[in-house]
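See below for the structure under consideration.
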Amino acid sequence: ESTVLVIVFIVIAIIVALQPEIRRMIEQIGEKNIFRELLSFNYKSEQGLFSDKTVDEIVKASFEMGKVRTGALMVIEQKSPLVEYERTGIVVDGVVTSQLLINIFEHNTPLHDGAVIINENKIQAARCILPVSKNSNIPASMGLRHRSAIGITEVSDAISVIVSEQTGKISVVKQGIVKHGLSIDELQTYLDKEFNS
């Protein structure tokens, strides 16, 4: 009987000690709809992360904002969940359109600071705070937006698309590596290859 009590006590102690982790796991199951993905047999890879239209809308928005030098940072989620970064922002849960992206990043609007996180054809959240890269090799000319774009790709498999407020030029970042000054065709080809190949 004393052995049973000791075992029960140990089990309860483990549950109490792991309570935050258990709660977080349950939250992630609910938020990411893991069961749906398991039942659909690799839903993302079969359906494609994004439709062609979503890629087109991101490209269109990037170059429209570039023309008027509206700074923007769009993070495209892949397999690594970005829930903890979505929580730092404001929930949008809206279908990706160029107009919605442009409206979000418009100067002096409530959501223009920070990043938007895009997943499965939707803008999940805006005004998100991202980890800032501490890479000492990043040129001093790159500001907080670029450092954040690099930072999120260092801790996940996400891809960042940046519109420079100073120059209007478009850059993409993957695994901490930045490609600068992409043309509209280059950005289109890059995103098509990444998400719809």
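Contact list please: Cβ distance under 7 Å, first residue in region 139-151 and free of Cβ contacts under 8 Å to residues at least 24 places away in the same chain, second residue in a loop (DSSP other than H, G, I, E, B), pairs at least six apart or on different chains.
Sorted first by the residue in region 139-151, then by its partner, the pairs are Leu144/Val132; Arg147/Val132; Arg147/Ser133; Arg147/Ile138; Gly151/Leu130; Gly151/Pro131; Gly151/Val132; Gly151/Ser133.
Identify, please: which residue in region 77-130 is of a type in the set (D, E, K, R) and in a strand (DSSP E or B) and is, among those, farthest from Asp52 (Cα to Cα)?
Arg127
Filter region 61-92 down to the residues that are in contact with a strand residue (DSSP E or B) (Cβ under 6 Å, 6 or more places away or on another chain) and of a type in the set (Asp, Glu) and list them by number.
Glu77, Glu86 - these are the residues of region 61-92 that are in contact with a strand residue (DSSP E or B) (Cβ under 6 Å, 6 or more places away or on another chain) and of a type in the set (Asp, Glu).
Please find, within region 64-76, the residue that is farthest from Gln166 (Cα to Cα) out of those that are open to solvent by 30 Å² or more (accessible area, probe 1.4 Å) and part of a loop (DSSP other than H, G, I, E, B).
Looking at residues that are open to solvent by 30 Å² or more (accessible area, probe 1.4 Å) and part of a loop (DSSP other than H, G, I, E, B), I get Val68.
Can you go through Asn119, Asn108 and tell me which one is among the polar types (S, T, N, Q) and either open to solvent by 20 Å² or more (accessible area, probe 1.4 Å) or modelled with pLDDT of 95 or more (or both)?
Among Asn119, Asn108, only Asn108 is among the polar types (S, T, N, Q) and either open to solvent by 20 Å² or more (accessible area, probe 1.4 Å) or modelled with pLDDT of 95 or more (or both).
Checking Val172 against (1) in contact (Cβ under 8 Å) with a residue 40 or more places away in the chain; (2) open to solvent by less than 60 Å² (accessible area, probe 1.4 Å); (3) not in a loop (DSSP other than H, G, I, E, B), which test does it fail?
(1)
Select, from Val178, Val161, the only residue that is without any contact (Cβ under 8 Å) to a residue 60 or more places away in the chain and under 19 Å from Gln78 (Cα atoms). Break it down into steps so the answer makes sense when it comes.
Numbers: Val161 fails: without any contact (Cβ under 8 Å) to a residue 60 or more places away in the chain.
Going through Val178, Val161 in turn, the sole match is Val178.
The values are calculated or read from the model by the stated rules, or taken from the named source; none is laboratory data. The structure presented is a predicted model; accordingly, all values stated were derived computationally and were not measured. Counting neighbours? That spans all protein chains shown, and the Cβs are built from the backbone with ideal geometry, glycine included. Keep in mind that these areas ignore ligands, DNA and RNA; they rest on the heavy atoms of the full protein, side chains included. Shrake-Rupley method; radii C 1.70, N 1.55, O 1.52, S 1.80 Å.
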